[in-house]
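What follows is one structure encoded as structure tokens, with my remarks underneath.
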Amino acid sequence: MAEQTSTANAWPANPADLIPQGRKRLGWSLLAVATLALLAIIVVQILYKTEMSTVGFDTWRPVIYAYILWGAALGAWQVLTRGEDGQRALFLLPALLFTIAMVIFPTLFGFYIALTDWNLSSFAGRRFNGLDNFWQMLADPYYRNALFNMVLYVLAVLVEYVIAFGLALLLNAQISARKFFRVVFLLPLMLSPVAVSWMVGKSLMEYRFGPAATLARHLGWDNPAFFSDPITARISIMMLDAWTFIPFMMIMLLAGLQAMSREVLEAARVDGATAWQTFWQVTFPLMLPVSVTAVILRIIFKLKLADIIITLTSGGPGGATDSVSSFIYREYRDRSNVGYGTMLAMAYLIIIVVFVTWLLKVASRFVRNVN
């Protein structure tokens, strides 16, 4: 029995310990050589692209070939160093390589472009200029105005949430033609924001002959130009965007209401709770996880707001309605300023990552404390 115990204790807990050291060294060597070769080709591609065009470095093909070989070396390294665990990990390798190629590498390349002076309308081409674009961004009043607008647009999500919750409660109640109204309220979500911009913004809200403008004149508004005044234009953009995406939050909240236990609500009514007490003390706390999810997803969509603004106002009047995304788009399209536009995009990406991470932590703590 003692011998069996000592033998069991001597057996390696990790199957990778059974792999010979020579095989592990071979795997690490293959990965190191492939990584160094890939890095060397990238450096040569960036620094000596023009000088070495005769050997194929005028395109990114050498980097692509080296990346494919690096992926094969990465798979061989997994198998040689981890055995069967490495073979199972090979199933994740295509997804990893795709993520690196389509997400990580473009992001890193974007940071490099952000440090260059590159205007497509100039014959000078791309030129490294360090942090000049960053200092220009900090001094850009239009970019600061776009960030301020994004704060207003994001805060408007709270109003959209209240409206969506009210509609969800209405459609969850026992009303006649309930299924018909569910379909009707979902119709804006089925439309493209560009279509909404033309159908509502360019047609119904047209200041000369639009029905909304005509009605406003009858109500006493002398010059109902919805997109000429900065405050009115911002409110109009918020209303159009809310009309498009309120059904998104409404359908999520409606699903949460329908999944709620009826016994809990009946127990509250038996205890003598009023309709408001039942909502505030039972329904709303139970709906908090769904509510937080709907609001966070809506905020993420709101942070990408651009198409309605580009179609209706192009950021006007005077940049008053610009979101960060629409401002970056116009920096690319109107000024062909790739370097500065990429700096704006990279800075906005960092702001979004930090903000959403903080928002998720705050939301999780809030739901935990309430429950």
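Given the structure, is residue 181 more than 25 Å from the chain's Cα centre (by Cα) and open to solvent by 90 Å² or more (accessible area, probe 1.4 Å)? So that I can check it myself, show each step before the final result.
On the way: more than 25 Å from the chain's Cα centre (by Cα): yes; open to solvent by 90 Å² or more (accessible area, probe 1.4 Å): no.
No.
Specify the residue that is modelled with the highest pLDDT; the eligible residues are those in segment 1-48 that are open to solvent by less than 80 Å² (accessible area, probe 1.4 Å), outside any helix (DSSP H, G or I) and more than 24 Å from residue 72 (Cβ to Cβ).
14
Of the residues that sit in segment 316-351 and are without any contact (Cβ under 8 Å) to a residue 24 or more places away in the chain and not aliphatic (A, V, I, L, M), which one is farthest from residue 201 (Cα to Cα)?
Once the filter is applied, the top-ranked residue is 341.
Name the one entry in 265, 254, 240 that is over 28 Å from residue 190 (Cα atoms), in a helix (DSSP H, G or I) and touching a residue at least 12 places away in the same chain (Cβ under 8 Å).
Values: 254 fails: over 28 Å from residue 190 (Cα atoms); 240 fails: over 28 Å from residue 190 (Cα atoms).
Within the list 265, 254, 240, the selection yields 265.
Give me a count of the residues in segment 123-139 that are open to solvent by less than 70 Å² (accessible area, probe 1.4 Å), more than 23 Å from the chain's Cα centre (by Cα) and in contact (Cβ under 8 Å) with a residue 60 or more places away in the chain.
Adding up the residues that qualify gives 2.
Hey, does segment 198-220 have a residue that's buried (at least 18 other Cβ atoms within 10 Å of the Cβ), farther than 23 Å from residue 315 by Cβ, at pLDDT 80 or above and not acidic (Asp, Glu)?
yes
Just to verify a result, which residue in segment 320-352, among those that are in a helix (DSSP H, G or I) and either open to solvent by 50 Å² or more (accessible area, probe 1.4 Å) or touching a Cys at 6+ places or on another chain (Cβ under 6 Å) (or both), is modelled with the lowest pLDDT? Break it down stepwise before answering.
Keep residues of segment 320-352 that are in a helix (DSSP H, G or I), which gives 324-333, 338-352.
Restricting the remaining residues to those that are either open to solvent by 50 Å² or more (accessible area, probe 1.4 Å) or touching a Cys at 6+ places or on another chain (Cβ under 6 Å) (or both) gives 329, 332-333, 349-351.
Numbers: 329: 92, 332: 89, 333: 86, 349: 93, 350: 94, 351: 95.
My answer is 333.
Take the residues of segment 182-225 that are without any contact (Cβ under 8 Å) to a residue 24 or more places away in the chain and touching a Leu at 6+ places or on another chain (Cβ under 6 Å): which is farthest from residue 257 (Cα to Cα)?
Only one residue tops the list, namely 210.
From 235, 246, which residue is modelled with pLDDT of 90 or more, open to solvent by 80 Å² or more (accessible area, probe 1.4 Å), within 20 Å of residue 309 (Cβ to Cβ) and of a type in the set (Val, Ile, Thr)? Before the answer, list the steps.
Numbers: 246 fails: open to solvent by 80 Å² or more (accessible area, probe 1.4 Å).
None of the other options fit; the residue is 235.
The values are calculated or read from the model by the stated rules, or taken from the named source; none is laboratory data. Here the structure is a predicted model, which means the values were calculated and not measured. Ideal geometry is used to build each Cβ from the backbone, glycine not excepted, and the neighbour counts take in all protein chains shown. Note: areas computed on protein heavy atoms with side chains; ligands, DNA, RNA excluded. Shrake-Rupley method; radii C 1.70, N 1.55, O 1.52, S 1.80 Å.
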